[in-house]
Amino acid sequence: MAIRLGIGVITYNRKDILRQCIENIQRFTSYPFEFVVADDGSRDGTQAWLDQIHIPYISGENRGIAWNRNRAIWWLKEEKQCDVILLFEDDCYPYVYGWEDEWIKAVEAYGHMNHMPEITLEIDNDVSSGLGTAASPFIAPMHQAFCVGYHARALDYVGYLDVRFFKYGEEHVEHTHRFLRAGYGGLPQYLTPERGQVFFLRGGLATLPSETHGTPEFVLRNIRLHKDIQHEPLYRAPWRTDAQMFLFRGEMETARGRPPLVTGQEDRGFDSFISLGGSEETSFFIRETFGKPGPGFFDGFLTPFHTLIQLFETNFRDLFSTNCLYGYHEALRCRDTLIVYHNCLKLADGEGASVESFLAQRDRLVKEYGDLLQDIDALCKGDRKVLFVRDWRDSLHYEGSHRPLHSLVPDFKRLADAIAKRYPSLDFKILFTNYGEAAVSDPRLIFGNVDSPDVSDPLGRLEGWKDMITKLGIYARNDDEWEV
């Protein structure tokens with residue numbers, strides 16, 4: 001049976017940092033998940049903003065980190081019945097697509113898991129062993145709470161954070177020690193739990209500098225409290241008194257009354273549109289549909305799908321390879337890469353493509369297409385949202401519109417991974433057109449087919465393409481004609 005994944009974020013008066021955390025979780029998480037924000041009584045407009053964008057949240061008066069973590073854990077475990085719960089502090093966020101895969105494996109294996117930031121490895125490395133993976137987690141005596149994973153079965157024995165910890169400091173440490181005592185998330189020292197060794201994961205997450213709301217006085221008070229209670233029974237409820245229980249229940253009931261997370265069709269507005277070729281007409285369709293053609297990098301040649309992936313993975317190293325060139329209809333083709341060169345060559349009337357003409361123009365081609373690649377790189381920086389478009393047709397003379405059922409299904413995800421590696425912070429999607437029934441489940445990918453006949457005139461193909469775009473809900477941002 002598939003696990004139920006829950007992801008939560010705890011926050012207090014850090015709306016701008018929280019925004020980046022939420023956006024990255026939504027962008028880079030591939031597994032379906034329940035989501036909630038636990039807000040500890042922020043006064044900076046956090047709750048109004050969460051209401052505006054329809055993000056589920058739980059809030060109440062400011063009661064400190066232990067109480068606030070318990071809000072998120074309870075919601076995801078008891079209200080949403082999640083098996084694996086991943087809880088972020090608002091200054092931590094994912095930046096690698098599919099980051100949660102290692103976390104799910106680790107939490108299922110060990111019951112409890114923590115994140116080891118790269119900065120910690122650089123300046124405070126007490127790791128005794130391990131690789132920082134689910135199969136071989138780091139083992140270290142330190143404690144970090146940027147991102148913490150809990151399994152529901154472990155929480156059944158250990159319970160929640162102790163709400164006697166006031167405001168900030170030591171609450172996560174004491175909670176982790178109880179997991180160790182119960183046999184989860186590390187190597188316990190039963191008589192001296194403070195000396196236990198904790199499991200950590202590395203990679204896929206980044207942290208931001210942020211201002212703490214704690215004080216040294218809070219920390220010292222909580223250290224003394226931890227020493228006094230470290231041998232008490234394991235399980236703790238998220239409250240200590242009946243009055244606290246009724247207060248906690250009231251927060252949950254209020255949260256239940258809020259609208260659920262909006263799960264309708266995503267916003268498919270884009271700032272830039274970039275052709276990845278396949279069809280010679282892709283840039284033409286983009287220009288006529290959106291008025292924003294993007295750099296015509298792939299207009300001068302045809303690139304097979306597997307070669308397109310390799311170009312991104314190798315920084316376009318072999319784009320104008322001089323190895324094994326041969327005549328291909330009225331163009332040239334490289335036997336190594338299978339790239340077909342035709343429109344990129346400048347030929348006199350009646351002159352056919354030749355190896356000699358290619359070699360004579362190679363310096364110009366390298367410079368010209370290098371500049372176009374820089375144009376693409378420039379569009380893929382900053383906070384722009386980019387749609388790449390790839391048509392299935394790799395052949396220079398294929399007239400049909402749709403991929404035959406017998407042809408090989410491309411590795412769609414590998415192309416998305418290659419683009420994400422080149423542009424790690426880019427918000428992008430890839431539209432694959434005319435791949436028939438071929439498709440994979442991945443939020444970075446969109447699939448569409450035109451309804452125009454396989455063989456039709458250019459105007460008919462354009463109208464079919466525009467109709468497909470309309471049905472998919474894709475539009476150009478800041479363009480009144482396409483505003484939705």
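The values are calculated or read from the model by the stated rules, or taken from the named source; none is laboratory data. Worth saying up front: this structure is predicted, and the values here are computed from it rather than measured. For neighbour counting, all protein chains shown are included, and Cβ atoms are generated from backbone atoms with ideal geometry for every residue, glycine included.
Quick rundown of the values:
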{"read-out": "Pairs where the first residue, in the stretch 453-476, is over 21 Å from residue 430 (Cβ atoms) and the second is among the hydroxyl-bearing types (Ser, Thr, Tyr), C-beta under 6 Å, 6+ apart", "value": "454/401; 460/452"}
{"read-out": "Hits in the stretch 436-465 - residues which are surrounded by 15 or more Cβ atoms within 10 Å (Cβ to Cβ) and closer than 30 Å to residue 382 by Cβ", "value": "442, 444, 445, 446, 447, 448, 465"}
{"read-out": "Among residues of the stretch 222-255, those that are out of contact with any helix residue (DSSP H, G or I) (no Cβ under 6 Å at 6 or more places or on another chain), outside any loop (DSSP other than H, G, I, E, B) and either modelled with pLDDT of 90 or more or buried (at least 17 other Cβ atoms within 10 Å of the Cβ) (or both), counted", "value": "17"}
{"read-out": "Test result for residue 279, modelled with pLDDT under 90, outside the structural domain of residue 15 (by TED's automatic domain parsing), in contact with a strand residue (DSSP E or B) (Cβ under 9 Å, 6 or more places away or on another chain) and among the hydroxyl-bearing types (Ser, Thr, Tyr)", "value": "yes"}
{"read-out": "Residue count, the stretch 439-478 (criterion: under 23 Å from the mean Cα position of the chain (by Cα) and either on the phi > 0 side of the Ramachandran plot or not charged (D, E, K, R) (or both))", "value": "13"}
{"read-out": "Tally of residues being over 11 Å from residue 36 (Cα atoms), charged (D, E, K, R) and surrounded by 23 or more Cβ atoms within 10 Å (Cβ to Cβ) across the stretch 70-95", "value": "2"}
{"read-out": "Residue match in the stretch 306-318 (condition: closer than 16 Å to residue 275 by Cα and in contact with a Ser or Thr (Cβ under 9 Å, 6 or more places away or on another chain))", "value": "yes"}
{"read-out": "The stretch 337-351, residues that are loosely packed, with under 12 Cβ neighbours inside 10 Å and touching a residue at least 12 places away in the same chain (Cβ under 8 Å)", "value": "346"}
{"read-out": "Selection status of residue 258, surrounded by 12 or more Cβ atoms within 10 Å (Cβ to Cβ), of a type in the set (D, E, K, R) and closer than 30 Å to residue 80 by Cα", "value": "yes"}
{"read-out": "Residue 338 over 30 Å from the mean Cα position of the chain (by Cα) and under 23 Å from residue 430 (Cα atoms)", "value": "yes"}
{"read-out": "Total residues in the stretch 117-150, condition of a type in the set (A, V, I, L, M), at pLDDT 90 or above and under 26 Å from the mean Cα position of the chain (by Cα)", "value": "4"}
{"read-out": "Residue within the stretch 418-428 that is assigned to a loop (DSSP other than H, G, I, E, B), modelled with pLDDT under 95, surrounded by fewer than 18 Cβ atoms within 10 Å (Cβ to Cβ) and charged (D, E, K, R) present", "value": "no"}
{"read-out": "Leading residue by the ranking (nearest to residue 433 (Cα to Cα)) among those in the stretch 299-319 that are within 27 Å of the chain's Cα centre (by Cα) and hydrophobic (A, V, I, L, M, F, W, C)", "value": "305"}
{"read-out": "Residue within the stretch 72-89 that is free of Cβ contacts under 8 Å to residues at least 24 places away in the same chain, in the same structural domain as residue 149 (by TED's automatic domain parsing) and farther than 20 Å from residue 2 by Cα present", "value": "no"}
{"read-out": "Residues located in the stretch 401-413, provided they are surrounded by 15 or more Cβ atoms within 10 Å (Cβ to Cβ) and either over 15 Å from residue 447 (Cβ atoms) or among the hydroxyl-bearing types (Ser, Thr, Tyr) (or both)", "value": "401"}
